[in-house]
Amino acid sequence: MIKKIFTSCFIIACSVFIYAYSVVPEQYSTPEQYGDVLIFSQTTGSELYAVDRQTKRDVWVWSSGKRSIRTKPTIVGDIAYIWAGNTTDDSRACAVNCKTGKSIWETPDAGWTFQSATICGDIVLFPVEADYNEVHAFNRKTGKRMWVQDDCKMILSYGQTVLVSREKDTQIAMLDVITGKEYFKTGFTDEKYNEPQGFCSTDGVAVVGGEGGIIALNIPSKKVLWKKSTVGRKWVSSVHKDVLYLLLGWTLTGSDKKSPQMLEMWSLADGKQINQIELNTGSGTYFPPIVFDTVIVVASGGSLIGVDSKTSQELWNIDTGGVYQIEKGIDSVYLGLTGPNLWQVEAKTGKILWSYGKRTEQENPTIPHKNRFLTMLPYITVAIVVVIIAIIILRMKKRHI
């Protein structure tokens, strides 16, 4: 009996360790360009890297200590803004000098985020997850915290307006970026925790899609243009000119990977369908379609696909191995991939124009690189606790004997 208990605890401990190693893939965020330098993070680590695009050598490396960085930096002028931390009591909102890699300010905070900072004038906004979904606002020059709003999941910003979901994602609200005060709210969908995502046109028309519904709002006039039920489906959107482009997104209930991904085009004015394209990949994505004048680029189901915007024909299809982030460039897209790897892919041809592979000590012998120990530490701790409990139980049994 004692041997069975000990064996079971040992198996559990090993399973926890293996699970930790398998679910924490190494991956890079998409980079932000600063002159000839690309600045990005390794999302299972705690460092921000500045790499020369030509030589692929480190210009500098900024460390947040033991705090994880899970997003790409947001750069304005010479400053990169980043959130560091994945706990409810030891995180930082940070500003880093892009030239030197030195901290300008670090403001203690709590929570974590998978979304990048948003800049609105002199305010930097971080969507934060802690006990609740929150939006934290800081003065971007000094790092002083300006306000915090809870029960808010940030979707996007436009001008002096922050668009958020509230009340378990069933309501869409507008906040003033300076004060954080709500000045408009409307019903969205009855589906709770629907994980809304949105996109805004240059003239302030925002489209928000979540599991069960999609809504279009005119932010400047504070009006709902149209709203539709999507019957359990979630659409991830982007806007180009007067057309809304939609992809089937991941839902809490999970998408059917065997069903094909659908790219739909709707009229932005009234939400009526214009076209529908079945893509040669599985459904489910967190990434909106990237729309150029002649090409639409889609990341879904482990594939990156280019579609001719006029003929709706598939131009190219490449296997990515798993996209973590995607970002639009001038005539290309940047991909943060597991591995970790970075790719720059030409939109018209699907050709990989630039790549940056998994860093090694040989590539950068002077730079200390962290392994995955810190990220896996909680899982390792659980495994150790399980083994200790097994040993205690074993000793207690022996004493009774």
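The values are calculated or read from the model by the stated rules, or taken from the named source; none is laboratory data. Since the structure is predicted, the reported quantities are computational estimates derived from the model, not experimental observations. Cβ: placed from backbone, ideal geometry, glycine included. Neighbour counts: every protein chain shown.
Values computed for the structure shown
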{"item": "Strands (runs of 3 or more DSSP E) (entirely within region 123-241) containing at least 1 residues that are touching a Cys at 6+ places or on another chain (Cβ under 6 Å) and outside the structural domain of Trp83 (by TED's automatic domain parsing)", "result": "153-158, 161-166, 205-210"}
{"item": "All positions within region 111-142 that are crowded, with 16+ Cβ neighbours inside 10 Å and either touching an Asp or Glu at 6+ places or on another chain (Cβ under 7 Å) or not hydrophobic (A, V, I, L, M, F, W, C) (or both)", "result": "Gly111, Trp112, Thr113, Gln115, Ser116, Thr118, Pro127, Val128, Asn133, Glu134, His136, Arg140"}
{"item": "Subset of region 272-303 (residues that are touching a Lys or Arg at 6+ places or on another chain (Cβ under 9 Å) and either of a type in the set (Ser, Thr, Tyr) or not in a loop (DSSP other than H, G, I, E, B) (or both))", "result": "Gly282, Ser283, Ile290, Val291, Thr294, Val295, Val297"}
{"item": "Enumeration of residues in region 304-314 that are among the β-branched types (Val, Ile, Thr) and assigned to a strand (DSSP E or B)", "result": "Ile305, Val307"}
{"item": "Unmet requirement for Ile75, which otherwise passes all of (1) in a strand (DSSP E or B); (2) closer than 22 Å to Phe287 by Cβ; (3) within 16 Å of the chain's Cα centre (by Cα)", "result": "(3)"}
{"item": "Hey, Ile104 assigned to a strand (DSSP E or B), surrounded by fewer than 22 Cβ atoms within 10 Å (Cβ to Cβ), modelled with pLDDT of 95 or more and β-branched (Val, Ile, Thr) or not", "result": "yes"}
{"item": "Which numbered condition Thr349 fails, given (1) modelled with pLDDT of 95 or more; (2) surrounded by 14 or more Cβ atoms within 10 Å (Cβ to Cβ)", "result": "(2)"}
